[in-house]
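The values are calculated or read from the model by the stated rules, or taken from the named source; none is laboratory data. What you see is a predicted model; the values in this text were computed from it and never measured. Here the Cβ is made from the backbone with ideal geometry for all residues, glycine too, and neighbour counts use every protein chain on show. Keep in mind that these areas ignore ligands, DNA and RNA; they rest on the heavy atoms of the full protein, side chains included. Shrake-Rupley method; radii C 1.70, N 1.55, O 1.52, S 1.80 Å.
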Amino acid sequence: SHSLAHSTSVRVASIDCRNFSRGLRSYCLSRSSSSSCSKSVRSGFCLEIPQSVMWSLDEDSHGPEAEEAKSNKELKSEVARLKTEAKIEAHEDEIAQLKSFTRSVPEAVAFKKATTKPIKDDGGASLELENMGMGSKEEESNKAKLPRRESTIAPSFGRRRSSNSSFNTRLENDVQTQKQRSACVQFIIMLVFIIGFLTMAWAHEDIETVYELDHALDTELSKPFGQHSHTFRDVRDVVEIWEWLEKGLMPTLVHHKDAVGHTLPHEQWGYLADYNRIIGGLRIIQERGKSAPCTYQKLDGIYGECQPFDTVERASFGYPDCNNAGAMSEFYASVDDYDSSHGITTCYDSQDYAHTVDLRNDEGFTVDSETEKFEMWIDLLDEEAVINKRVKYLGDRHWIDKNTKKISFILLAYNGNLQPLLCEAKLTFEFSRVGYVTPVYEIHTIPLDAYHSNKWFKVTLEVLFIGGLLYLFVTEVREIRGRRARRKAVALWTGKQVDMTWAQATWEHYTGEDALGNYVDVCFMAVGFTLCLFWGVVVGEIEVLANTLSELHRPDSVVTYDDTDHDEWSEYHHEIGHIEELAEHAMDVMKIIRELAVLMTFLMIFQLFKIWDDIPAMQGVSATIRAAGPGLFSFGIIFISLLSIFAGSAMLAFGHRMEEFHNFYIAVKTTLIVMTTAATEVYDKQNEVDPIVASCWHWLMITVMYVVCLNLVLCILVDAYAAGRSERDDEDHQLYPTLYEQGADTLKFYSRWFIESL
């Protein structure tokens, strides 16, 4: 104690920096280059304690007891400074405290700010030292109750020196520098993570090949037909549906001759776009509703029955056989408005479809016992004349009537040239109850073997992705644990035994400082782990689908379309239907995976903003958005209100004549398009409906929404950026280094750390 009282500095014994967490290890190594350190502690920690932090218990006291009390007081001061400078937890002794204190440098700064008070040193300079409970007599009494610990501070000789700089400023500058270095490293890691994630997603699905396959099938199924050169998407009524089926779809699917008219071998039939094998043929499904009295019954005598869209019909339908008198009389008895004197013949001749349609089981017009749907299968390996006859049979028996709600044409196609890909194309016509037909085109493709090529490359990317998520999870847990450690340190330093549970630490972590960034981390982890879970599910479903396809066996016999082979072909068609259900479910899961992957990329943007906030050269964007947030929120309410008004007025004025405004959702989209692009096509259509209203709506909307509102957004952002820029210009340049300077400093620091760690 006597030697310490007259020493100029003290030196801490050897500490192995490798025992620290990553952030503290870097801080520890940054302090290990002091010239006064001996060679034996070069890889450790060396700290000189100036005289200004030495406390005198009583300047007027003399004698051995006063010297001993004074030395004990000085040792406590040394321990307090050592705790703050190293940012670690107090424990059994001062050196062990260094190894177990908080894991987070920013938390150490926050704790220091909460537990410091200004005092005056011998030279009169204002310092901020840790409040160790020695201010008042009550605090001194509480501190005296704590167990006394032996100091490991090694004394040296000479007079103590005074410090002219503020310890608090130096500490905050060091912590800020370390945060910037860590942010640079995190930025590089995040860029690598983003590139790896996008590469993994591209490799698993082979997006380029999938697009080419979907585009090829889309081109084939959208070929023009008829004298007006309409396509599938142009169909609007029942007449055009039959024309598209006979002149558009069937010639596309039935390829029995090559480009120059030569008949192809039978094994080359059933291909779409030459390379895509159609599995099981074309499946046609109809959904029907019941006829019922109208809700407004006053005019039922004029209108007749209605066909509610929310009902389901399972009864057989269709025109009867002209050769079956019983079926004819039964059918006409069910038709209220039939008048035989008109000579109308609503029946079909069954003899025309012998051995081309399964008439005994009323194929296509009776619900299938297993699927409970009205189904019709077109086997594309049949002769072209048979296929055309089966299509004509549907028209002759009036397969589409007023009770039809939806008709779907489903194709399964397999391509194994580049990747084992299974594609499902579904072309649907939805019948509104006002006579309008809406065509809906869907096409989905999934790989039948997710690891068919580059297996180990894909597995490696998956492992790295899961490892990154686990690392982020461990980091979150360590941050929560650091909050508990900080509360424990408060209890040790103040003598107040205050503990914090894991639940309390977690609540504080997600409601306190930087809560938004912590929520982004949690969402990032949740979406990432959910993505992994769904990927495991879809891999299992794809495996089941591939095995089911490999076990599929087409009957060897020629289709006779009578009761003799009904069971055999019905079982085969049911197997195809089961495969379609498996494929649809796997494709639905794959769609969820794509959406989660897109959400993952959006969260990566927020992660980048969080990292950029600690990089001075890049924090301009995040600082601008944060400063402009209140103004943008207020403006957003104004913008949504005006947009809703303009969209609603357009729907009222033009919705009855224009598809672009016939409901509110589409009206909002159209208004946004006109606002951002000033599209004249929409204005031309509006002008045909009502020229005066069209001019007023268009120019008023352009003036208010485009000229005023969009420019107001730019003004808010520019003002926020200018304010932040001016604030940074007023600060010390050393606190805002350029990206080059910070990158060079980070590279130099971690290079030295790597060399010394070796």
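Look at segment 545-570: where a residue is open to solvent by less than 50 Å² (accessible area, probe 1.4 Å) and modelled with pLDDT of 80 or more and a partner is assigned to a loop (DSSP other than H, G, I, E, B) and among the β-branched types (Val, Ile, Thr), sitting 6+ places away or on another chain with Cβ atoms under 9 Å, you get Leu549/Ile279; Leu552/Ile279; Trp569/Val559.
Quick check: anything in segment 446-453 touching a strand residue (DSSP E or B) at 6+ places or on another chain (Cβ under 9 Å), β-branched (Val, Ile, Thr) and under 30 Å from Glu581 (Cα atoms)? For segment 446-453, residues touching a strand residue (DSSP E or B) at 6+ places or on another chain (Cβ under 9 Å), β-branched (Val, Ile, Thr) and under 30 Å from Glu581 (Cα atoms): present.
Scoring Asn663 on the criteria (1) over 16 Å from Val682 (Cβ atoms); (2) in contact with a helix residue (DSSP H, G or I) (Cβ under 8 Å, 6 or more places away or on another chain); (3) not small (Gly, Ala, Ser) leaves a single failure, condition (1). Among the residues making up segment 440-460, a single one is part of a helix (DSSP H, G or I) and open to solvent by less than 30 Å² (accessible area, probe 1.4 Å): Lys458.
Take the residues in segment 433-448 that are of a type outside the set (A, V, I, L, M) and at pLDDT below 90; name whichever of them is farthest from the chain's Cα centre (by Cα).
Of everything passing the filter in segment 433-448, Gly435 is farthest from the chain's Cα centre (by Cα).
Flag not set for Asp556, criterion: of a type in the set (D, E, K, R) and in a helix (DSSP H, G or I). Here is a check on your reading of the model: is Ile194 within 18 Å of the chain's Cα centre (by Cα) and within 30 Å of Phe749 (Cα to Cα)? For Ile194, the condition - within 18 Å of the chain's Cα centre (by Cα) and within 30 Å of Phe749 (Cα to Cα) - is met. Residues in segment 645-658 that are open to solvent by 50 Å² or more (accessible area, probe 1.4 Å) and in contact with a helix residue (DSSP H, G or I) (Cβ under 8 Å, 6 or more places away or on another chain): Met651, Arg657. Looking across segment 207-241, the residues that are under 26 Å from Leu422 (Cα atoms) and among the acidic types (Asp, Glu) come down to Glu208, Glu212, Asp214, Asp218, Glu220.
If we scan segment 287-297, do we find a residue that is farther than 30 Å from Phe309 by Cα, part of a loop (DSSP other than H, G, I, E, B) and open to solvent by 10 Å² or more (accessible area, probe 1.4 Å)?
no
The residues on offer are Leu469, Leu422, Leu418, Leu464, and the sole one that is crowded, with 20+ Cβ neighbours inside 10 Å, touching a residue at least 24 places away in the same chain (Cβ under 8 Å) and touching a helix residue (DSSP H, G or I) at 6+ places or on another chain (Cβ under 9 Å) is Leu422. In this structure, Ala125 does not qualify as modelled with pLDDT under 90 and open to solvent by 40 Å² or more (accessible area, probe 1.4 Å). Looking across segment 360-391, the residues that are in contact (Cβ under 8 Å) with a residue 24 or more places away in the chain, of a type in the set (A, V, I, L, M, F, W, C) and open to solvent by 30 Å² or more (accessible area, probe 1.4 Å) come down to Val367, Leu381, Val386. In the set (1) touching a Ser or Thr at 6+ places or on another chain (Cβ under 9 Å); (2) in contact (Cβ under 8 Å) with a residue 24 or more places away in the chain; (3) aliphatic (A, V, I, L, M), Leu282 fails one condition alone, (1). Looking only at segment 661-693, residues that are of a type outside the set (Phe, Trp, Tyr) and under 21 Å from Phe639 (Cα atoms) come to 15 in all.
Does Ala627 qualify as being part of a helix (DSSP H, G or I), in contact with a Gly (Cβ under 8 Å, 6 or more places away or on another chain), aliphatic (A, V, I, L, M) and over 20 Å from Cys184 (Cα atoms)?
yes
Inspection of segment 481-498 finds no residue satisfying the criterion of being among the hydroxyl-bearing types (Ser, Thr, Tyr), crowded, with 16+ Cβ neighbours inside 10 Å and touching a strand residue (DSSP E or B) at 6+ places or on another chain (Cβ under 8 Å). Residues that are open to solvent by less than 30 Å² (accessible area, probe 1.4 Å) and charged (D, E, K, R) within segment 344-359 comprise just one, Asp358.
Has segment 598-606 got any residue that is over 25 Å from Val713 (Cβ atoms) and open to solvent by 80 Å² or more (accessible area, probe 1.4 Å)? No, because not a single residue in segment 598-606 is over 25 Å from Val713 (Cβ atoms) and open to solvent by 80 Å² or more (accessible area, probe 1.4 Å). For segment 509-544, filtering for residues that are loosely packed, with under 12 Cβ neighbours inside 10 Å and of a type in the set (S, T, N, Q) leaves 1. Do the conditions hold for Arg478, that is, is it modelled with pLDDT under 85, more than 30 Å from His585 (Cβ to Cβ) and open to solvent by 20 Å² or more (accessible area, probe 1.4 Å)? No, not satisfied. Ile615 meets all of the listed conditions (1) of a type in the set (A, V, I, L, M); (2) surrounded by 18 or more Cβ atoms within 10 Å (Cβ to Cβ); (3) in a helix (DSSP H, G or I) but one, namely (3). Among the residues making up segment 234-263, those that are part of a helix (DSSP H, G or I), of a type outside the set (Asp, Glu) and in contact (Cβ under 8 Å) with a residue 60 or more places away in the chain are Val238, Ile241, Trp242, Leu245, Leu249, Met250, Leu253. Within the bounds of segment 392-415, is there any residue that is over 49 Å from the mean Cα position of the chain (by Cα) and either surrounded by fewer than 18 Cβ atoms within 10 Å (Cβ to Cβ) or over 22 Å from Gln307 (Cα atoms) (or both)? Yes. Every condition in (1) surrounded by 19 or more Cβ atoms within 10 Å (Cβ to Cβ); (2) of a type outside the set (A, V, I, L, M); (3) farther than 30 Å from Lys426 by Cβ holds for Arg626 except the one numbered (1). For segment 172-210, taking the residues that are open to solvent by 40 Å² or more (accessible area, probe 1.4 Å), among the polar types (S, T, N, Q) and at pLDDT 85 or above, the one that is nearest to Leu448 (Cα to Cα) is identified as Thr199.
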